[in-house]
Structures are given as structure tokens and as C-alpha cells.
Amino acid sequence: SPPLHSEVSPRRKAASSSLIHPLPNRRIPEYLGNQPGPGPLDVDGRKNEHVDISHVDSLDEPLLGNSSYDNGGSEAYDPRRQDLWDEYRKKEQLHWSFLFSSLIAQWAQWFANIIVSSGSILGRLFPFTSDNQTCDPVYLSPLQEERLDNLRRRLQIPFDGSRIEHQNALRQLWKLAYPSREIPPLKSELWKEMGWQGTDPSTDFRGGGFISLENLIFFARTYPGSFQMLLNKVQGQRADWEYPFAVAGINISFMLIQMLDLQSKVPSSKSGIRFLELLGRDENAFDHLYCIAFRMLDAQWLVKRASYMEFNEVMKSTRTQLERELVLEDVLAVKDLPSYTMLDK
């Protein structure tokens with residue numbers, strides 16, 4: 001019988017050695033997908049060597065087979081995974097901190113807006129301020145009370161197209177606007193040239209009342225230069241779709257009534273109280289203020305290069321500017337307002 005230990009032929013020895021030759025350098029798949037980190041590890045300890053495996057058709061067979069890293073299916077500890085996890089936790093903490101800070105800021109702004117806009121006792125206890133915040137009521141002199149009552153009576157008169165005096169007021173406005181032209185019928189397409197929306201101006205007054213027509217007549221009489229300039233849109237680069245002159249005048253009257261708090265028993269806003277001081281010195285303070293507001297609106301319109309759809313935005317800007325000028329300490333009369341210098345007689 002052959003011996004138990006026979007000598008292995010050189011050919012078989014070479015074949016056996018080829019079977020246990022180390023596998024080619026292949027990169028260990030990185031954990032967690034394509035996460036940033038150091039370069040791939042090499043199986044045999046060599047670095048900076050890369051093997052092209054683009055020819056491999058599939059990865060059904062493990063790249064490393066039964067290597068020393070395959071310890072019963074468990075993964076070897078990789079410090080990169082801990083670093084990535086720590087970085088993820090830090091980012092998550094920063095994200096939630098940012099959301100929490102934003103929420104606190106929004107609530108603080110919301111609470112401040114409520115306090116500023118309300119006239120409650122709570123609003124007076126906190127140091128939030130605005131240009132037209134509510135102030136303590138003031139005592140009126142007999143002259144102020146008389147003039148304020150007269151103004152309020154004017155506010156109570158609605159426009160009535162059936163009343164002769166109201167019809168004559170419309171005709172008077174046309175004559176002041178177009179001195180050389182014949183007065184048209186009270187229902188005519190010609191009224192649109194002045195900025196009324198329809199052929200019948202009486203349908204445009206609505207909340208403005210008869211005082212808005214009186215304001216337009218006062219503007220045309222007292223400051224004819226500015227009146228004609230705004231009526232004919234002769235200054236500045238105008239929009240293709242301009243604001244209607246007459247209807248804008250009605251809106252200005254309504255805005256002033258709200259801003260000056262004239263529907264309250266006694267105005268308590270800063271602008272309203274300052275207006276009472278102006279009214280004590282000039283019984284036509286409301287009409288003069290109307291003319292200033294109209295001229296101011298047109299200036300804002302040109303600065304913003306506004307068009308018809310932006311009229312409300314321009315109106316808000318006009319009110320804000322007028323409120324700021326009214327509360328200036330050196331304003332003792334309407335003529336002291338900075339924007340009064342824009343009016344041209």
C-alpha cells in the first residue's frame with residue numbers, strides 16, 4: 001500500500017499555492033451609503049491602490065468572501081460611524097433650536113402687535129409706541145367744541161342728488177375745474193373726464209358724504225394751481241392707468257375722518273388731539289388738511305411709480321406720512337406741516 005505521506009509533486013504544489021493566494025485588492029463597501037469620511041480600507045493593508053471592478057456584472061457574491069471581517073455576520077466597529085452619528089445628532093439639535101427660537105420670536109411679535117393696536121389698559125402699561133397711538137382724552141375749549149360740533153354736522157350730511165343745493169355744488173365744481181367749458185347735464189359721459197367712475201357722479205359718494213364734495217370745491221378755490229395740476233396730471237411721469245381724480249378725493253375725505261378719530265365723542269389719538277389744536281386756531285383746518293393730503297398722495301404716487309391697482313397702498317403711505325407730520329412738536333398750525341409747502345395757489 002502506498003505510504004501515508006507521499007511527496008507532493010511540484011505541479012500540484014503550485015496549483016495549491018495558487019488557491020490560497022490573497023484576493024486582489026478590493027475596496028470594502030462604505031457604511032451608510034456614500035457618507036463623507038476617510039478613504040476606503042484595503043484588505044491587505046496596502047493603501048492608495050485601486051482596482052478597477054467595472055467589469056464585474058453583479059454583486060451577488062460577496063466581494064471579500066469569508067474574510068477575517070466576517071465574524072458570524074456581525075459588523076466590525078468603525079469609528080467613522082460614531083462620528084457620523086454624533087454629527088447627525090448635533091445637526092438635529094441645531095435644527096430644533098432654530099425652530100424653537102423662530103416660534104418664540106413670532107409669538108413675541110404677535111403679542112406686541114396686539115398691545116400696540118389695542119386701546120386697552122394693558123396697552124398703556126407696556127412701553128410699545130406707534131405714531132398714532134391712543135392718548136388720554138383732552139379737555140376742549142369752548143371754541144374747539146363749537147368748531148368740532150360744526151365739523152361733525154357736516155359729516156352727517158349724505159350726498160343727495162335730488163337736492164338742488166347738492167346739484168348746484170356739482171355744477172360749481174365743474175365750473176372751477178373747467179372754467180372755459182360749458183357745464184354738462186348731471187348725467188353725462190363728460191363727468192368721467194374729472195375722474196368720476198360713471199356718468200352720474202352722485203353714485204360715487206357713498207361713504208364720503210357731501211363733505212367730500214365740499215372738500216373738492218375748497219381745494220379748487222383755495223389752491224387752484226395744485227388743483228389743476230392734479231386734475232390734469234401734468235407733473236411727473238404718469239402711469240398708463242392713472243387714479244381717478246374725483247374718486248380719489250372722496251377716498252381722502254373718508255381717510256381723514258378715520259385718521260382724526262372724528263366719529264368718536266372726543267378724539268383720543270395723537271393725530272386727533274393735534275388736529276383739535278389746529279382746529280382751535282383755524283376753523284377750516286380740516287379742509288386745508290384735505291388739500292395737503294391730496295397733494296401728498298400725488299407725490300407718493302409719482303415716487304412709487306404706481307398704477308391704478310396700487311392705489312390702496314399709496315393711500316396707506318399717505319396716511320402714515322400725514323400722521324408723522326401731525327405729531328411733530330413744532331407744528332402749531334396747518335401751515336407748519338412740512339408738506340404744506342407743496343401746495344400752489
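The values are calculated or read from the model by the stated rules, or taken from the named source; none is laboratory data. Note that this is a predicted model, so its numbers are computed, not measured. We place every Cβ from the backbone using ideal geometry, glycine too, and count neighbours over all the protein chains shown. Heads up: the accessible areas ignore ligands, DNA and RNA and are worked out on the full protein's heavy atoms, side chains in. Shrake-Rupley method; radii C 1.70, N 1.55, O 1.52, S 1.80 Å.
Can you tell me which residue among Y243, Y290, Y308 is within 23 Å of the chain's Cα centre (by Cα) and open to solvent by less than 40 Å² (accessible area, probe 1.4 Å)? Let's see the steps before the verdict.
Details: Y290 fails: within 23 Å of the chain's Cα centre (by Cα); Y308 fails: open to solvent by less than 40 Å² (accessible area, probe 1.4 Å).
So the residue among Y243, Y290, Y308 that is within 23 Å of the chain's Cα centre (by Cα) and open to solvent by less than 40 Å² (accessible area, probe 1.4 Å) is Y243.
Going through region 292-343 one residue at a time, which ones are of a type in the set (D, E) and under 17 Å from G249 (Cα atoms)? Those that are of a type in the set (D, E) and under 17 Å from G249 (Cα atoms): D298, E310, E313. Could you check, for region 165-180, whether at least one of its residues is touching a residue at least 12 places away in the same chain (Cβ under 8 Å), over 26 Å from S317 (Cα atoms) and small (G, A, S)? So far as region 165-180 goes, yes, one or more of its residues are touching a residue at least 12 places away in the same chain (Cβ under 8 Å), over 26 Å from S317 (Cα atoms) and small (G, A, S). Of the residues in region 268-282, none is surrounded by fewer than 16 Cβ atoms within 10 Å (Cβ to Cβ), at pLDDT below 95 and of a type in the set (S, T, N, Q). If only residues of region 167-216 that are in a helix (DSSP H, G or I) and of a type in the set (D, E, K, R) are counted, the one that is most open to solvent (accessible area, probe 1.4 Å) is R206. For beta carbons closer than 7 Å, sequence separation of 6+ or different chains, a first residue in region 232-257 that is within 15 Å of A220 (Cβ to Cβ) and a second that is among the hydroxyl-bearing types (S, T, Y), the qualifying pairs are G249/S212; I250/S212; I252/Y290; S253/S212; S253/Y290.
Scanning region 326-345 for residues that are surrounded by fewer than 19 Cβ atoms within 10 Å (Cβ to Cβ) and either part of a helix (DSSP H, G or I) or polar (S, T, N, Q) (or both) yields K335, D336, P338, S339, Y340, T341, M342.
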